[in-house]
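The values are calculated or read from the model by the stated rules, or taken from the named source; none is laboratory data. Because the structure is predicted, anything quoted here is derived from the model rather than measured. With ideal geometry, Cβ positions are generated from the backbone for all residues, glycine too; neighbour counts draw on all protein chains shown.
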Amino acid sequence: MKYEEAVTYLLDIPKFAAKTGPDTVREFLTALGNPQNKIPSIHVAGTNGKGSTCAFLASVLRQAGYQTGLFTSPHLVRINERFRLNETWIGDEDFLHIFLRVKEVVDQGVQQGMPHPNFFEFLFLMAVCWYEAQEPDYVIYETGLGGRLDATNVLTPCLTILTSIGMDHMQYLGNTIGEIAAEKAGILKQGVPCIYLAQKDAAEDVIRKRGEELGILLIPVEKDKITIDEWKEQTIDFSYRNRYDSTYSHGACPYRYTIRKTAVYQTENAALAIEAGYYLLLHEESKMGTQPMLPPGQVADAVHAGIANMVWQGRMEELEPDIYVDGAHNEPAIRAFCDTVSKMYRDKKIILLFAVAGDKRYNEMIQILCEELSFEKVIVTAVESSRFAPVEQIAEIFRRYTHAPVVETPDCGTALEQARICSATGTRTFCVGSLYLVGSLKAKKEEEH
């Protein structure tokens, strides 16, 4: 079998497999020798910001000298993006080798009457096998959907992180913030500390209650402790005071950090990674009976450098001059996107390029966009997938909420060309609504080269 055939097999899995749950995943892992238990892991769940938080933390650990694995989803262009070691994706040869190892065990299980793992479950089985072979110091795993019933919840991590929790995937996770938070908090485990974004709503109540039931250390990241200090041409400076600042200084301003100029909401994800980085670098190694890589005095340097050096695709990323892509794909993410644009680009004329999956609350998303921002033009497009809402339907909803011209352009490549024409007139185009739209636009860009 060739690499391309393995990828085709994986992409075809949704046609004949349903989500089976952690118990079935555990059976396959047992047959594989339980590779998930061989490398210390960090487990991350939440509605928005999971991938960015994982990337910030991975960057911090790398700066501290640790070999770090990173398993995230979805991929934007190539499936290999989901498996990273330090800053490198898994190679095609390794991908095929690990795929064949897992497929052999899966085939044997199916012959014995076990259900075939779904797409994400199969990839998770591949991930734990690859990281076992690579032997990094840590692996950071992002959940797929929810948490309690997610394939990744077979992990026994050394730390859990809960990012922002909002309304998304309600057909699977529940119709209230509290119900959704209960699913996300399903990754909490006895004896494992949890760092979470304090939201002062039902989500926080659920997290605190679950943490108390398990008797675990809960470390909140409070939004009111995050302050934007300065926007520069390429960076955002912000302050975040954590519980280590008075002990481990970093020059004159131990609590001041810099991120690359992407989005205001990234400061919250960075703050989660800051707390996690300090916890892992100061406590986890000694708890495991191993010598920390860095002396305490150098930990702050690693945290600051890791936050400053993180790069993550698809989050207010400048695809080309004056054209930005952002993966906002639900109401909370759209609100965060609008907040960033209104603060960072309020003096610019704006074109919106939009596509959305049919299972999202797109009427509410569109209403937020049109109430919060003013557009010169709206370009409605789609991605080649049956999951995407019809262009005509989405365009009609936009016309209810905005006086700007609304253009229907089903082909996203053609939509990108229209955006380029607009950007030549001094406007900025923002492409939002789906990470799959981001991936398709980036793929179109690669094809041109």
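Side notes on the structure shown:
- Close Cβ contacts (under 6 Å, 6 or more residues apart or on different chains) running from residues in region 321-344 that are farther than 16 Å from Met365 by Cα to residues that are polar (S, T, N, Q) and surrounded by fewer than 19 Cβ atoms within 10 Å (Cβ to Cβ) comprise Asp322/Ser423; Ile323/Ser423.
- Residue within region 428-444 that is in contact with a Ser or Thr (Cβ under 7 Å, 6 or more places away or on another chain), over 19 Å from Asp326 (Cβ atoms) and not aromatic (Phe, Trp, Tyr) present: no
- Matching residues in region 376-399 - criterion: being of a type in the set (Asp, Glu) and free of Cβ contacts under 8 Å to residues at least 24 places away in the same chain: Glu392, Glu396
Let's see how each residue does on (1) out of contact with any strand residue (DSSP E or B) (no Cβ under 8 Å at 6 or more places or on another chain); (2) farther than 23 Å from Pro332 by Cα; (3) without any contact (Cβ under 8 Å) to a residue 60 or more places away in the chain:
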| site | (1), (2), (3) |
| --- | --- |
| Ile207 | no, no, yes |
| Arg210 | yes, yes, yes |
| Leu217 | no, yes, yes |
| Glu222 | no, no, yes |
| Ile226 | no, no, yes |
| Glu230 | no, yes, yes |
| Gln234 | no, yes, yes |
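- So Ile236, is it modelled with pLDDT of 85 or more, among the aliphatic types (A, V, I, L, M) and outside any helix (DSSP H, G or I): yes
- Of all residues in region 160-206 being of a type in the set (Val, Ile, Thr) and not in a strand (DSSP E or B), the one that is surrounded by the fewest Cβ atoms within 10 Å (Cβ to Cβ): Thr176
- Among (1) under 17 Å from Asn269 (Cβ atoms); (2) in contact with a helix residue (DSSP H, G or I) (Cβ under 7 Å, 6 or more places away or on another chain) - the single one Trp231 does not satisfy: (1)
- Test: residue in region 32-49 that is in contact with a Leu (Cβ under 6 Å, 6 or more places away or on another chain), surrounded by 18 or more Cβ atoms within 10 Å (Cβ to Cβ) and within 18 Å of Gln313 (Cα to Cα): no
Here is a yes/no grid of residues against (1) modelled with pLDDT under 95; (2) in contact with a Gly (Cβ under 9 Å, 6 or more places away or on another chain):
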position: Lys103; (1), (2): no, no
position: Gly113; (1), (2): yes, no
position: Glu132; (1), (2): no, yes
position: Leu145; (1), (2): yes, no
position: Val154; (1), (2): no, no
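- Filter result (more than 23 Å from Lys348 (Cα to Cα) and part of a helix (DSSP H, G or I)) within region 396-425: Glu396, Ile397, Arg400, Cys412, Gly413, Thr414
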